[in-house]
2 protein chains.
Amino acid sequence: MNDLSPKTPAGLSGTDPALFYDRHVFLCTNERMAGHPRGCCKSRGSEKLRDYMKARAKELGFEKTRINSAGCLDRCELGPTMVIYPEGVWYSVQTPADVDEILETHLKNGGRVQRLMLTPDQVPPKKK
Amino acid sequence: MNDLSPKTPAGLSGTDPALFYDRHVFLCTNERMAGHPRGCCKSRGSEKLRDYMKARAKELGFEKTRINSAGCLDRCELGPTMVIYPEGVWYSVQTPADVDEILETHLKNGGRVQRLMLTPDQVPPKKK
């Protein structure tokens, strides 16, 4: 199949309204049947990590940051996965300590948690 | 409560990896109990609109565009709601024709569907 994807890089427009959330975090909470070869983020514990992150973000007073559940982000083998917009940075998170580090380093201080970041070449096996 | 949100505007960094999806679309499919005063995007038909958008994006060959479900985006009264990143543009979609117009005008051609766009001042009543 030809790739007919849009050719404009990101469609950014200087006239768009301001962001509704300064940072919008999506954690995959998709569930697959037990034994599925790709596994799923839910079976890897993503719901507890989402709940923890929501609670901590609220405690920290991050009022313009939204922590959301998402359906399958299609990087299951690397999960639990998370993507933060508008910057489009992806993380694989395993523990509450990972979440704490992302809250502090990325969301509070604008840095990156290099040890947890995913890169675009980390593609699901089915797509290679 | 003091707003302790991050003060850096969007944390964009010139050294971040390339976007994994050129455009990442999130449609709220959250469900609330019948009779909830805020209603919910699911009861307003968001799942059918998501399914339609996924199928049409595939048919159109938008390989680097991902259509995702999301949990509550917290703009329920305006739903079904959708946000497209990295640009952070929000839409309220009611019909398959609305979806078609967003696919063609926004995702294919990089424009905006002004008649469906939400602006940041359209805030849920509970937050006013």
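Note down the nm distance, to one decimal, between modelled labels 7 Å out along Cα→Cβ at B:A55 and at A:S43.
My value for the distance between the label points is 2.9 nm.
Taking the label point as lying 7 angstrom from Cα along the Cα-to-Cβ axis, what are the distances from B:E77 to the corresponding position in the remaining copies, in ascending order and in nanometres?
Result, one decimal in nm: 4.7.
Nm distances between the label at A:V123 and the same-position labels in the remaining copies, 7 Å along Cα→Cβ, shortest first?
4.4
Using Cα-Cα distances under 8 Å and only pairs 6 or more residues apart, what relative contact order does chain A have, in percent?
It rounds to 26 percent for chain A.
If you put a point 7 Å past Cα along the Cβ direction, how far is that point for A:G35 from the same point in each other copy, in nm, smallest first?
In ascending order, 4.2 nm.
Quick check for me: using +1 on Lys/Arg Cβ and -1 on Asp/Glu Cβ, what's the dipole size of the protein assembly as shown about its Cα centre, in debye to the nearest 20?
440 debye
Under a Cβ-only charge scheme (Lys and Arg +1, Asp and Glu -1), can you give me the dipole magnitude of the stretch B:24-128 about the Cα centre, in debye to the nearest 20?
Working: 18 positive and 13 negative charges, 63 e Å.
With Lys and Arg at +1 and Asp and Glu at -1, about 300 debye.
Taking a probe of 1.4 Å, how large is the accessible area per residue of the protein assembly as shown, in Å²?
Values: 12310 Å² over 256 residues.
It amounts to 48 Å² per residue over the protein assembly as shown.
Could you point to the residue in B:V113, B:V99, B:G88 farthest towards the positive end of the stretch B:74-127's charge dipole, with +1 and -1 charges on the Cβ of Lys/Arg and Asp/Glu respectively?
Selected residue: B:G88.
Please list, in order along the stretch A:94-105, the HN-Hα scalar couplings obtained from phi with the Karplus expression 6.51 cos²θ - 1.76 cosθ + 1.60 (θ = phi - 60°), rounded to whole Hz, x for Gly and Pro.
Residue by residue, the stretch A:94-105 yields 10, 9, x, 5, 4, 4, 4, 5, 5, 4, 6, 7 Hz.
Provide the per-residue ³J(HN,Hα) series for the stretch B:60-71, in order, calculated from phi with Karplus coefficients 6.51, -1.76, 1.60 and θ = phi - 60°, each as a whole number of Hz, with x at glycine and proline positions.
7, x, 7, 6, 9, 10, 10, 9, 10, 6, 9, x
Once amide H atoms are built 1.01 Å from N in the peptide plane, which residues 5 or more positions from A:K64, or in another chain, come under 5 Å H to H?
Sorted by chain and number, the residues that satisfy this are B:S5.
Among DSSP bridges having both ends in the protein assembly as shown, what percentage is antiparallel? Round to the nearest 5.
Numbers: 21 of 33 bridges.
About 65 percent, rounded to the nearest 5.
Given a Förster distance of 41 Å, report the FRET efficiency between A:V123 and B:T105 from their Cβ-Cβ distance, rounded to the nearest 0.05.
The value I calculate is 0.85.
Using a 1.4 Å probe over the heavy atoms of the protein chains, calculate the carbon and sulfur portion of the accessible area of the stretch A:39-128 as a whole percent.
Exposed carbon and sulfur together represent 50 percent of the surface.
In Å and from the alpha-carbon atoms only, list the Rg and Dmax of the protein assembly as shown.
Just the Cα atoms of the protein assembly as shown yield Rg and Dmax of 17.5, 53 Å.
Just grab the label-to-label distance for A:E77 and A:K64, each label 7 Å out from Cα along the Cβ direction, in nm (one decimal).
3.9 nm
Taking each pair of different alpha-carbon atoms in the stretch B:15-104 once, compute 1/r for the pair, average those values, and report the inverse of that mean as the Kirkwood hydrodynamic radius in Å to one decimal. All intermediate terms of the calculation are to be shown ahead of the outcome.
Values: mean 1/r = 0.0742 Å⁻¹.
Taking every pair of different Cα atoms in the stretch B:15-104, averaging 1/r and inverting gives 13.5 Å.
Can you give me the long-range amide H partners of A:V89? Hydrogens built in the peptide plane at 1.01 Å from N, cutoff under 5 Å, separation of 5 or more residues or another chain.
When sequence neighbours closer than 5 places are left aside, the close amide H contacts are A:I84.
Convert each backbone phi in the stretch B:86-93 into a coupling constant with the Karplus relation 6.51 cos²θ - 1.76 cosθ + 1.60 (shift: θ = phi - 60°), then list the ³J(HN,Hα) values in order as whole Hz, x for Gly and Pro.
After applying 6.51 cos²θ - 1.76 cosθ + 1.60, I find x, 6, x, 8, 9, 9, 9, 10 Hz.
Which cysteines in chain B lack any other cysteine whose Cβ sits under 4.7 Å from their own Cβ?
By the Cβ distance rule, which asks for a partner under 4.7 Å, the isolated cysteines are B:C40, B:C72, B:C76.
The values are calculated or read from the model by the stated rules, or taken from the named source; none is laboratory data. What you see is a predicted model, and the numbers here were worked out from it, not measured in a lab. Backbone-built Cβ (ideal geometry, glycine too); neighbour counts: all protein chains shown. Accessible surface is based on the protein model in full, side chains and every heavy atom, while ligands, DNA and RNA are left aside. Shrake-Rupley method; radii C 1.70, N 1.55, O 1.52, S 1.80 Å.
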